[in-house]
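Every read-out reported here was derived from the displayed coordinates using simple, explicitly stated rules and does not represent laboratory data. This is a predicted model, so every value here is computed, not measured. Glycine also receives a Cβ, built like all others from the backbone with ideal geometry; neighbour counts cover every protein chain displayed.
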Amino acid sequence: MTPASNEQLGIIRTERGLSIAGTRITLYDVMDYVTAEYPPKFIRGMLNLTDEQVNAALFYIEANRAEVEAEYQTVLKEAEEIRQYWEERNREHFARIAAMPPKPGREALWAKLQAQKARHESKA
């Protein structure tokens, strides 16, 4: 498939990767739904796309499955690394916030919140 035919389909390469022309939606966003086996109509609704845009994305993915799948795996790996970085970086900060006493006058609200949290954790 040549770059001109990709553009005609509405798939372009941007700094974010393979994207649907005229949107900020990448094929990797679409791949999340394809991997989860959602139907095209659902994907269209979730990503606010037209039928033509969804069809172009699905056609491109199928026609270039190996390339798109390889890039998708790289994107997933990088996203997980970024998530882990920020989780570790913010762990102490969130622990300090959680240990802070409630603001004066909100003790009853705090107790109710803690009780709900305990009930939720006991169900898990």
Hits in region 34-50 - residues which are of a type in the set (A, V, I, L, M), surrounded by fewer than 16 Cβ atoms within 10 Å (Cβ to Cβ) and in a helix (DSSP H, G or I): M46
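Residues are listed down the side, and each one gets a yes or a no for (1) in contact (Cβ under 8 Å) with a residue 12 or more places away in the chain; (2) surrounded by fewer than 11 Cβ atoms within 10 Å (Cβ to Cβ):
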| site | (1), (2) |
| --- | --- |
| D32 | no, no |
| E52 | yes, no |
| L58 | yes, no |
| I61 | yes, no |
| V68 | yes, no |
| T74 | no, no |
| E81 | no, yes |
| P101 | no, yes |
| R119 | no, yes |
Go through the residues of region 85-94 one by one and say whether even a single one is acidic (D, E) and touching a Lys or Arg at 6+ places or on another chain (Cβ under 8 Å). no
Is it true that some residue in region 84-95 is small (G, A, S), touching a Leu at 6+ places or on another chain (Cβ under 8 Å) and part of a helix (DSSP H, G or I)? no
Does G17 meet the test of being in contact with a Ser or Thr (Cβ under 6 Å, 6 or more places away or on another chain) and without any contact (Cβ under 8 Å) to a residue 60 or more places away in the chain? yes
Which of (1) within 26 Å of S19 (Cα to Cα); (2) touching a Pro at 6+ places or on another chain (Cβ under 8 Å); (3) among the hydrophobic types (A, V, I, L, M, F, W, C) does M46 not meet, given it meets every other one? (2)
Yes or no: Y85 in contact (Cβ under 8 Å) with a residue 12 or more places away in the chain and within 30 Å of I20 (Cα to Cα)? no
Test: A70 is part of a helix (DSSP H, G or I), closer than 18 Å to T14 by Cα and small (G, A, S): yes
